[in-house]
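First the structure, in the form of structure tokens, and then the observations on it.
Derivation of every value follows stated rules applied to the coordinates shown; laboratory data play no part. Bear in mind that the values here come from a model prediction, so they are computed numbers and not experimental data. All Cβ positions, even for glycine, are placed from backbone atoms using ideal geometry, and neighbour counts span all protein chains on display.
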Amino acid sequence: MRRLAAIVLAALSLGLARPQPPVALDLLLAEGPAPNLADYRLFTDAGGRRPNGRVTPYALNTPLFSDYAEKSRYLFLPPGTQARYVATGVLDLPVGATLVKTFAYPADLRRPTERVRFIETRLLIHKAAGWVALTYVWNADQTEAVLKRAGARLPISVTGTDGQPLSFDYAVPNVNQCKECHSVSGVLEPIGPKARNLNGSFPYVTGTENQLAHWTRAGLLAGAPPLAKAPRTPVWTDAGESVDARARAYLDANCAHCHNPQGHASNSGLFLQWEETEPAARGVRKRPVAAGRGSGDLGFDIAPGRPEDSILLYRMKSREPGVMMPELGRALVHKEGVALIEDYLRQMPP
Amino acid sequence: MRAYAITIAACLAAGAAQGKTLAVAAGPDAQERLQTALIDAKPGDTVAIGPGKFAFADGLSLDVAGVTVTGAGQDKTFLSFAGQKAAGEGLLITSNGVTVRGLTMQDTRGDGIKSKGVDRISFIDLTVEWTGGPKETNGAYGVYPVSSTNVLIDGVTVRGASDAGIYVGQSKNIVVRNSRAEFNVAGIEIENSMNADVHDNVSTHNAGGVLVFDLPGLPQMGGHSTRVFHNKIVDNDTPNFAPKGNIVANVPTGSGVMLMANRDVHVFDNVIDGNKAAGVLVFAYAFPFSDKTYNPLPRDIVIRDNKLGKNAWAPSLPGGLALPSGMNPAPQIMWDGVKSAGGVTSDVKLWIKDGPVLNLNLASAGALDTAKPSVTPTLGAPGQAEPPAVMLPAGQGKPAA
């Protein structure tokens with residue numbers, strides 16, 4: 001008995017001295033999904049707050065609006081691998097690379113770091129055969145996140161940005177819905193980690209630094225040019241940028257995952273990716289094709305100088321399924337986004 | 001859940017070599033159970049939806065190739081989306097080789113059933129309807145294959161769509177047959193598509209019966225080779241309730257067939273009757289466009305051997321234009337006479353055997369003030385080769401042996 005106790009003690013002290021076990025790469029690469037988020041050991045705590053080694057937090061200059069959810073993003077890279085810089089589009093990420101995104105709500109949207117409740121953590125895992133999307137939903141105690149493949153609706157009640165109570169149904173996507181947005185010619189791919197959208201600063205524990213520079217210095221990213229030569233998506237809230245640039249960045253992040261020539265909405269002919277330059281393709285005096293009642297009795301996607309006559313804005317302001325855009329991932333109107341696009345359309349020369 | 005698992009196990013034990021059956025019965029959590037089955041299905045499997053009424057709060061989707069989705073029948077399995085909170089359609093299909101058969105979809109907030117970017121999609125014995133009758137707030141399309149190849153629509157009924165009941169867009173190799181479209185804005189519409197056979201359908205009580213269009217500024221343009229034959233296109237009399245801005249909002253209430261842009265369209269052996277605006281309209285796309293690869297003219301059109309009843313007793317033209325005075329009632333078939341539009345000039349070869357035909361002789365598309373109407377017993381000359389019959393891949397849409 002004494003001996004057993006001694007072994008346990010010895011094991012415990014060894015455990016304390018040893019570093020945390022690494023991310024479970026074998027589970028990330030396994031054919032099927034793990035039932036619990038914790039199985040992957042992407043975090044060292046049960047609550048999913050403390051990232052494990054080789055799990056790097058990042059942020060996007062201009063992110064997708066998701067019903068005012070707070071999002072924390074991480075990139076895991078397997079030992080001995082690097083991301084490769086790509087000037088246009090998503091970075092070239094190695095097999096085993098995993099993008100981790102947790103969606104959370106603070107009790108009061110005006111205090112985003114206080115009383116934060118995790119809702120779900122989504123993974124995009126680069127398996128040998130391609131990318132796979134999974135989502136794990138957190139329990140009420142915030143101690144465990146469990147695989148949810150068929151989607152779910154979760155009631156959310158918080159204090160809104162205007163100080164008023166805000167209640168709505170948050171939609172956890174099913175795996176097909178993940179792909180609707182994350183689809184390039186029908187193949188699932190990441191959207192966010194493009195060099196231009198990562199080309200901004202991040203408050204690391206070691207100090208604030210440009211993400212491309214930090215990743216390069218840490219050996220996570222190869223092939224990046226000097227920062228001055230790297231493309232950059234404007235920060236949509238940065239008043240120092242032009243309205244046009246901010247609005248195009250916003251539309252890129254919020255619409256272009258479907259509205260691009262290889263996306264789910266390719267048949268619409270409305271293309272809003274940052275790189276699109278053709279005014280008609282961007283919606284200027286473009287007639288709707290398959291909008292149905294989404295047209296709102298209006299003639300053009302964008303009526304230059306007339307936001308009130310532009311289908312683009314009408315659909316952003318709607319909460320009606322069949323009218324609202326994006327079709328997925330939004331139950332609320334993004335007032336601040338609407339205001340930006342309204343300015344963009346108004347200042348557009350007729 | 002346990003009963004569900006047992007059903008699967010039983011089906012597995014039955015040893016269907018062609019794939020297993022995932023049965024989904026009516027009852028609580030139908031959304032999650034059906035969506036899970038649609039995710040878990042493997043190629044060759046059947047997702048069998050039982051009889052009864054199923055209510056959904058979200059759209060459904062299928063992304064596994066070679067899956068058949070069946071109901072217990074159009075009059076037995078009802079999928080209601082009246083409480084739908086998100087998604088642009090009731091059921092979205094993004095995988096190849098899928099058949100959906102034997103069920104009714106009701107009151108989707110957007111489109112009914114959509115397939116996007118797939119090969120070999122079959123919609124068989126389905127009803128898609130909006131139960132409150134024709135309303136502008138109904139979804140746009142009932143059955144909606146887009147950017148798809150090898151499309152079969154057979155035995156489908158659509159009612160109440162605020163755009164087109166059966167709408168095939170930017171697709172190739174299409175058969176629409178034995179189907180019924182009623183109380184929609186457009187009954188059946190083939191748009192920016194190649195090689196379509198539309199036959200043995202009934203299109204009635206829509207604003208417009210059958211439309212064959214080509215529109216600019218889209219990934220697939222240059223629609224051609226559509227045959228519209230053996231259909232009953234009768235009594236299209238529902239006032240056009242399309243939201244403005246949509247191209248079908250320009251279709252006059254009471255149009256039998258309307259052809260706009262497109263080439264090699266043959267309309268024959270149909271019954272066209274009881275359509276007050278026109279029997280057949282042949283018109284150029286009249287809006288400005290910047291797309292240099294687009295041809296706005298209908299050309300190589302044949303209209304022959306249709307059984308024309310009484311049409312065009314209150315004639316009206318696309319876009320709400322009125323006919324010149326003295327043209328009421330008008331000939332049942334009308335052509336705008338435009339051979340050059342938007343900088344494009346084409347050798348517009350028409351053979352309109354069914355007459356008399358009104359040629360408006362417009363100087364440019366939509367310019368009704370330039371009309372120099374003439375009426376002739378027939379128009380043009382025969383000789384246009386008929387597009388070959390559409391052949392779908394062997395076995396498409398047939399139940400697994």
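Take the Cα of B:Phe287, go 7 Å toward its beta carbon, and the backbone nitrogen atoms of the range B:358-378 under 17 Å from that spot belong to B:365-367.
Close amide H partners of B:Thr108, meaning residues 5 or more places away or on another chain with modelled amide H under 5 Å apart, are B:Phe81. DSSP beta bridges fully contained in the protein assembly as shown are about 30 percent antiparallel.
The value for the range A:69-220 of Rg(Cα) / (2.2 N^0.38 Å) is 1.14. Inter-chain neighbour count for A:279-292: the average number of beta-carbon atoms from partner chains within 10 Å of each residue's beta-carbon is 6. Using the alpha-carbon atoms, what tilt in degrees (0 to 90, nearest 10) does helix B:30-40 show relative to the longest principal axis of chain B? Rounded to the nearest ten degrees, it is 90.
Antiparallel beta bridges, as assigned by DSSP with both residues in chain B, represent about 5 percent of the total such bridges. Taking 4 °C and 1.567 mPa s as conditions, the protein assembly as shown diffuses translationally at an estimated 47 µm²/s according to Stokes-Einstein applied to its Kirkwood radius (Cα pairs). Each residue in A:Tyr250, A:Tyr170 was given a count of other beta-carbon atoms within 10 angstrom of its own, and listing them fewest first yields A:Tyr170, A:Tyr250.
Shielding value for A:177-187 is 3, the average number of Cβ atoms from other chains within 10 Å of each residue's Cβ. Taking only the Cα atoms of chain A, the radius of gyration and Dmax are 21.9, 87 Å.
Sequence-ordered 3J(HN,Hα) estimates for the range A:300-315 from the Karplus curve with 6.51, -1.76 and 1.60 and θ = phi - 60° stand at 9, 4, 10, 9, x, x, 10, x, 5, 9, 10, 4, 3, 6, 4, 6 Hz, glycine and proline given as x. For the residues of B:23-33, the average number of beta carbons from a partner chain within 10 Å of their own beta carbon is 1. Once the gyration tensor of the Cα atoms in the range A:17-63 is diagonalised, the equivalent ellipsoid follows with semi-axes of 20, 16, 11 Å, ordered largest first.
Computed on the Cα trace of the range B:64-113, the radius of gyration divided by the Kirkwood hydrodynamic radius gives Rg/Rh = 0.99.
Fewest neighbouring Cβ atoms within 10 Å first, the residues B:Thr77, A:Thr56 line up as A:Thr56, B:Thr77. The per residue volume of the convex hull around the alpha-carbon atoms of the range B:335-401 is 169 Å³. The spacing between the range B:282-348 and the range A:269-304, judged by their C-alpha centroids, is 26 Å.
Considering every alpha-carbon pair of the range B:77-215, the percent of pairs per 10 Å bin, from zero through the bin containing the longest distance, is 14, 50, 33, 3. Translational diffusion coefficient, Stokes-Einstein: compute it for the range B:271-320 using the Kirkwood radius over C-alpha pairs as Rh, at 25 °C and 0.890 mPa s, and state it as an integer in µm² s⁻¹. Result for D is 188 µm²/s.
The long axis of helix A:335-346 is offset from the longest Cα principal axis of chain A by roughly 40 degrees.
For the range B:247-401, DSSP calls about 25 percent of its internal beta bridges antiparallel.
Once the mean of 1/r is taken over each pair of separate Cα atoms and inverted, the range B:130-380 shows a Kirkwood hydrodynamic radius of 17.4 Å. Calculated mean residue ellipticity at 222 nm for chain B: -2000 deg cm²/dmol, from DSSP H runs with n ≥ 4 weighted as -39500 (n - 2.57), summed, divided by the residue count and rounded to 500.
Panel order for A:Trp274, B:Trp351, B:Trp313, by other beta carbons found within 10 Å of each beta carbon, from fewest to most: B:Trp313, B:Trp351, A:Trp274.
Where does the Debye-calculated log10 I(q)/I(0) of the range A:243-346 sit at q = 0.19, 0.25 Å⁻¹, using only Cα point scatterers of equal weight, no solvent? Values, matching the q order: -0.90, -1.82. 3J(HN,Hα) along the range B:195-202: 6, 10, 10, 10, 8, 6, 10, 10 Hz, from the Karplus curve 6.51 cos²θ - 1.76 cosθ + 1.60 with θ = phi - 60°, whole Hz, x for Gly and Pro. Between helix B:2-14 and chain B there is an angle of about 80 degrees, using the helix long axis and the longest principal axis of the Cα atoms.
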